[in-house]
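Participant: To start, I am sharing the structure in question, which I have written as structure tokens.
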Amino acid sequence: MEKNKWPPGDLVIWFFILAELLVFGVFFAAYAFTRASNVELFNTYQLTLDRNAALINTVALITSSYFVVRAVAAIRDNNSKRCFHWLLAALFMGVVFLVVKGMEYHHHFSLGINLNTNTFYMFYLSLTFFHFLHVILGMIILLAVALKARSGGYSAAEHTGVETGASYWHMVDLVWMILFPLVYVMR
Amino acid sequence: MKYESQKVAKLYFTAAIGLFVGQILFGLILGAQYVIGDFLFPEIPFNVARMVHTNLLIVWLLFGFMGAAYYLVPEEAETELFAPWLAKLMFWIFLAAGAATVLGYLLVPYATLAEVTMNDLLPTMGREFLEQPTITKLGIVVVALAFLFNIGMTILKGRKTVVNLVLLMGLTGLAVFFLFSFYNPVNVVMDKYYWWWVVHLWVEGVWELILGSILAFILIKTTGVDREVIEKWLYIIIAMTLITGIIGTGHHYYWIGTPEFWQWWGSIFSAMEPIPFFMMTVYAFNMVNKRRRNHPNKAAVLWALGTAVMAFLGAGVWGFLHTLAPVNYYTHGTQITAAHGHMAFYGAYVMIVLSMISYSMPMMRGREACNSARAQSMEMWSFWLMTISIIFITLFLTGAGILQVYLQRFSDNPMPFMVVQEKIALFYWLREITGFVFLLGLVLYIASFFVGKNEPEATVELAK
Amino acid sequence: MEDKKFIRPCSIIFGLLLALTVTTWFIGTMGLSGLQVSLMVLGFALIKGQLIGDYFMGLKQVSGFWRWAVTLWLVLVGSLITYAFNITA
């Protein structure tokens, strides 16, 4: 199969994705290295996190990403309506993520936990909240794409917008793939 | 130039350049005072010279931004300015207020100035960069509101472009964050906390939007590249700027009584602040390489490319140098900061204003597209003289800073501040001498407006 | 036609991602700890990342720098985390 020179979607979004990955990468490394000098603290408080919620959220994001893949496939097939429906499904999974994560936050906040509680919670809250904001941004992008798809703004010939939104959304998923084991599981 | 009302920009640009000269002269006085402590004392004490140097910088950049907006917005919106008379009126009010304030700094002791301007009614004076009397601050707010109204109405009645909207966003942010200069809590931690909302969120937030949109405008005009392409870049750059810049405020919140997490947030996010500047460099060169036409105003293109490079170096690289909390622990408030300040302000904001002047001034002065080849060549000389001077000033100050950090803070036997100052005097001398080269560049820059006036405009072939 | 070629591998990848996720979760709830376990979990994460990059983001069909952009990031982040976990073990 012949290869493309450029990744799917607008090239500009890929520069953005690269920059975002860099920020998250630095954040992950900062977490890991700070943990190295506070192993006991990190191990103790990691246990207070809700791994079941994290599982649901990971599944939600993966599923959402898969739905977006289906949406891209649909528009390549020139099927705007199907594309729109898959995007709606993806958005729904995004909402699931936000709700579950919101419940986790509610639990922590009701215990009076905040950024100053200790270094572990500082990282946990910062990292997950920064990612949380990306989920919201990704959903806004997907929503815009979905609405345009519904009004027939894309076709098999021209659907760069769908691929652009999809690429960003996969990035949000990709980052969580590291965040989940790093913060919730690795000890 | 398509609209008559764009011409009000000329007033603003003229004032900007005039104040720029004042800023540089006071910079030279200051530089001399670093090595000859009682130079011009008691007429112009160090603290007053510093205040005038920094305040003039801010004011002339504001003049430059406003001028740029008055030129750019009607052209983008494809309509005349909403109220050209208001723009002219505000110009004179702003200029008079600015002049009166600087004279106040120079002629009476600061305490007296505070007294006669009735600072105790609403105390806002006495804080770095926000030294203006309260009444001047109120004047700035009035001017800013009238300006925003004028610009906003113009955009509202005309074509809405991304460049205009980003510019409007930046200018609105500029006005909104200035309001925090009226908030002056007694608690010194709170005071500093909100003080940065003006200072940092201006230069590392909303001003970058202004910079981005002006640069985009110049690139659209001079390269003929599709607006859509440039707009896409602009979106990504401002998104990145805002994400890193806003949370990056944290790099001012190390060890000043704010919560500890700021050390992490500040370090991580401000370490990313060079990214949008890097993107800006890549995109500026990319657009110029992909140009659909050769614009005869070579000088303007040079300034625009220069902005992209120097902003990345000064704001991005030199900012990164001391932004991480463990590094800043040692470098805080040393000459490293001064080095960064000089190159960042010049590279990002001075150069973008000069780019805009370079692009627009010939047309406002009756040319078709650009100045004569001779004027342009002189302008490009001034570009190199000023830019290379600022690079050397930055390098000398960085040298001074590294030595200072080592001798005063890092070595096993730290020396007192004043002893260290004597030891780094050589760097200050070099900086001062380079300052004169900068002034020479500025003189050439101004001269370039007057040479070759009767010669024909440069054409693409000639300028090649 | 183009469609099937794109969807089928992605569906398989989707299943794989779910399986690896549940495995990671299981290790977490078992309360397993230690360097080996952590690195294994990290390995799963990196594989997942690579699969997302290759198939969902479609980088497998791209040549040049972008083909390896995500991989490069994963390798960098992966090695930094591995190193950080090693110095404490």
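The values are calculated or read from the model by the stated rules, or taken from the named source; none is laboratory data. As the structure is a computational prediction, the values presented were derived from the model and not from experiment. Cβ: placed from backbone, ideal geometry, glycine included. Neighbour counts: every protein chain shown.
Participant: Quick check, is A:T34 surrounded by fewer than 21 Cβ atoms within 10 Å (Cβ to Cβ), within 10 Å of chain C (Cβ to nearest Cβ), assigned to a helix (DSSP H, G or I) and in contact (Cβ under 8 Å) with a residue 60 or more places away in the chain?
Facilitator: yes
Participant: Being exposed (fewer than 15 other Cβ atoms within 10 Å of the Cβ), under 11 Å from A:V185 (Cα atoms) and not β-branched (V, I, T) is the filter here; which residues of the stretch C:9-32 pass it?
Facilitator: C:F26, C:M30, C:G31
Participant: Counting only residues that are under 27 Å from B:Y70 (Cβ atoms), in contact (Cβ under 8 Å) with a residue 40 or more places away in the chain and in contact with a helix residue (DSSP H, G or I) (Cβ under 6 Å, 6 or more places away or on another chain), how many does the stretch B:3-42 have?
Facilitator: 16
Residues checked against (1) within 8 Å of chain A (Cβ to nearest Cβ); (2) more than 27 Å from A:D77 (Cα to Cα):
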{"position": "C:K5", "(1), (2)": "no, no"}
{"position": "C:G28", "(1), (2)": "yes, yes"}
{"position": "C:V41", "(1), (2)": "yes, yes"}
{"position": "C:I47", "(1), (2)": "no, yes"}
{"position": "C:M57", "(1), (2)": "yes, no"}
{"position": "C:W68", "(1), (2)": "no, yes"}
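Participant: May I pose another question? Of all residues in the stretch A:57-104, which are basic (K, R), more than 12 Å from every other protein chain (Cβ to nearest Cβ) and more than 14 Å from the chain's Cα centre (by Cα)?
Facilitator: The answer is A:K81, and nothing else.
Participant: Taking the criterion of being in a helix (DSSP H, G or I) and without any contact (Cβ under 8 Å) to a residue 12 or more places away in the chain, would at least one residue in the stretch B:357-375 satisfy it?
Facilitator: No, the stretch B:357-375 has no match at all.
Participant: Is it the case that the stretch B:105-119 has a residue that's surrounded by 19 or more Cβ atoms within 10 Å (Cβ to Cβ) and in contact (Cβ under 8 Å) with a residue 40 or more places away in the chain?
Facilitator: yes
Participant: Let me ask something else. Against the conditions (1) surrounded by fewer than 22 Cβ atoms within 10 Å (Cβ to Cβ); (2) touching a helix residue (DSSP H, G or I) at 6+ places or on another chain (Cβ under 8 Å); (3) among the polar types (S, T, N, Q), where does A:N78 fall short? Just the number, please.
Facilitator: (2)
Participant: Return the residues of the stretch A:117-127 that are part of a helix (DSSP H, G or I), more than 19 Å from A:V175 (Cβ to Cβ) and of a type in the set (S, T, Y); say none if nothing qualifies.
Facilitator: If the condition is that a residue be part of a helix (DSSP H, G or I), more than 19 Å from A:V175 (Cβ to Cβ) and of a type in the set (S, T, Y), then A:T119, A:Y121 are the ones that fit.
Participant: Taking only the stretch C:66-87 into account, find how many residues are surrounded by fewer than 15 Cβ atoms within 10 Å (Cβ to Cβ) and of a type in the set (V, I, T).
Facilitator: 2
Participant: Among the residues of the stretch C:11-26, write down those that are touching a Lys or Arg at 6+ places or on another chain (Cβ under 8 Å) and facing chain A (nearest Cβ under 7 Å).
Facilitator: Scanning the stretch C:11-26 gives C:L17, C:T21, C:W25.
Participant: In the set B:S448, B:S411, which member is exposed (fewer than 13 other Cβ atoms within 10 Å of the Cβ) and of a type in the set (G, A, S)?
Facilitator: Going through B:S448, B:S411 in turn, the sole match is B:S411.
Participant: Could we say that B:V327 is free of Cβ contacts under 8 Å to residues at least 12 places away in the same chain and assigned to a helix (DSSP H, G or I) here?
Facilitator: yes
Participant: Within the stretch B:25-52, take every residue that is in contact with a Gly (Cβ under 8 Å, 6 or more places away or on another chain) and crowded, with 20+ Cβ neighbours inside 10 Å and give me the one that is nearest to B:L103 (Cα to Cα).
Facilitator: B:V52
Participant: Looking only at the stretch C:19-58, how many residues end up being in contact with a Ser or Thr (Cβ under 8 Å, 6 or more places away or on another chain) and aliphatic (A, V, I, L, M)?
Facilitator: Counting residues in the stretch C:19-58 that are in contact with a Ser or Thr (Cβ under 8 Å, 6 or more places away or on another chain) and aliphatic (A, V, I, L, M) gives 6.
Participant: When only residues in the stretch B:178-217 that are acidic (D, E) and closer than 30 Å to B:P74 by Cα count, which is surrounded by the most Cβ atoms within 10 Å (Cβ to Cβ)?
Facilitator: By that ranking, first place goes to B:E208.
Participant: In addition: Taking the condition closer than 20 Å to C:L76 by Cβ, of a type outside the set (G, A, S) and touching a Gly at 6+ places or on another chain (Cβ under 9 Å), does C:V41 pass?
Facilitator: For C:V41, the condition - closer than 20 Å to C:L76 by Cβ, of a type outside the set (G, A, S) and touching a Gly at 6+ places or on another chain (Cβ under 9 Å) - is met.
Participant: While we're on this one: Please work out if C:L20 is part of a helix (DSSP H, G or I), of a type outside the set (K, R), out of contact with any Pro (no Cβ under 9 Å at 6 or more places or on another chain) and closer than 16 Å to A:A54 by Cα.
Facilitator: Considered against the rule, which asks whether it is part of a helix (DSSP H, G or I), of a type outside the set (K, R), out of contact with any Pro (no Cβ under 9 Å at 6 or more places or on another chain) and closer than 16 Å to A:A54 by Cα, C:L20 comes out as yes.
Participant: Continuing with this model, one more query. Just need a number here: residues in the stretch A:123-150 that are in contact (Cβ under 8 Å) with a residue 60 or more places away in the chain and either surrounded by fewer than 16 Cβ atoms within 10 Å (Cβ to Cβ) or among the basic types (K, R) (or both).
Facilitator: Count: 1.
Participant: Still on this model: Looking at B:Y406 and the list (1) at pLDDT below 95; (2) more than 30 Å from B:I446 (Cα to Cα), which single condition is not satisfied?
Facilitator: (1)
Residues are listed down the side, and each one gets a yes or a no for (1) in a helix (DSSP H, G or I); (2) within 21 Å of B:F261 (Cα to Cα); (3) of a type in the set (A, V, I, L, M, F, W, C):
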{"residue": "A:Y45", "(1), (2), (3)": "yes, yes, no"}
{"residue": "A:N57", "(1), (2), (3)": "yes, no, no"}
{"residue": "A:S64", "(1), (2), (3)": "yes, no, no"}
{"residue": "A:V69", "(1), (2), (3)": "yes, no, yes"}
{"residue": "A:W86", "(1), (2), (3)": "yes, no, yes"}
{"residue": "A:M103", "(1), (2), (3)": "yes, no, yes"}
{"residue": "A:L115", "(1), (2), (3)": "no, yes, yes"}
{"residue": "A:F130", "(1), (2), (3)": "yes, yes, yes"}
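Participant: Could I ask something else about it? Just one of (1) surrounded by fewer than 16 Cβ atoms within 10 Å (Cβ to Cβ); (2) more than 9 Å from chain C (Cβ to nearest Cβ); (3) of a type in the set (A, V, I, L, M); (4) free of Cβ contacts under 8 Å to residues at least 12 places away in the same chain trips up A:V39, so point out which.
Facilitator: The one condition A:V39 does not meet is (2).
Participant: Then there's this: Among the candidates C:L51, C:L80, C:L74, single out the residue that is at the interface with chain A (Cβ under 7 Å from one of its Cβ atoms), part of a helix (DSSP H, G or I) and either under 24 Å from A:I13 (Cβ atoms) or among the hydrophobic types (A, V, I, L, M, F, W, C) (or both).
Facilitator: Result: C:L80 is the single residue among C:L51, C:L80, C:L74 that is at the interface with chain A (Cβ under 7 Å from one of its Cβ atoms), part of a helix (DSSP H, G or I) and either under 24 Å from A:I13 (Cβ atoms) or among the hydrophobic types (A, V, I, L, M, F, W, C) (or both).
Participant: Taking the residues in the stretch B:271-293 that are polar (S, T, N, Q) and modelled with pLDDT under 95 as candidates, determine which candidate is surrounded by the most Cβ atoms within 10 Å (Cβ to Cβ).
Facilitator: So the residue we want is B:N286.
Participant: Looking at A:V162, is it assigned to a helix (DSSP H, G or I) and farther than 30 Å from B:P259 by Cα?
Facilitator: Considered against the rule, which asks whether it is assigned to a helix (DSSP H, G or I) and farther than 30 Å from B:P259 by Cα, A:V162 comes out as yes.
Participant: Helices (runs of 4 or more DSSP H) wholly in the stretch B:208-298 with at least 2 residues that are charged (D, E, K, R) and touching a residue at least 40 places away in the same chain (Cβ under 8 Å) - which ones?
Facilitator: B:227-248
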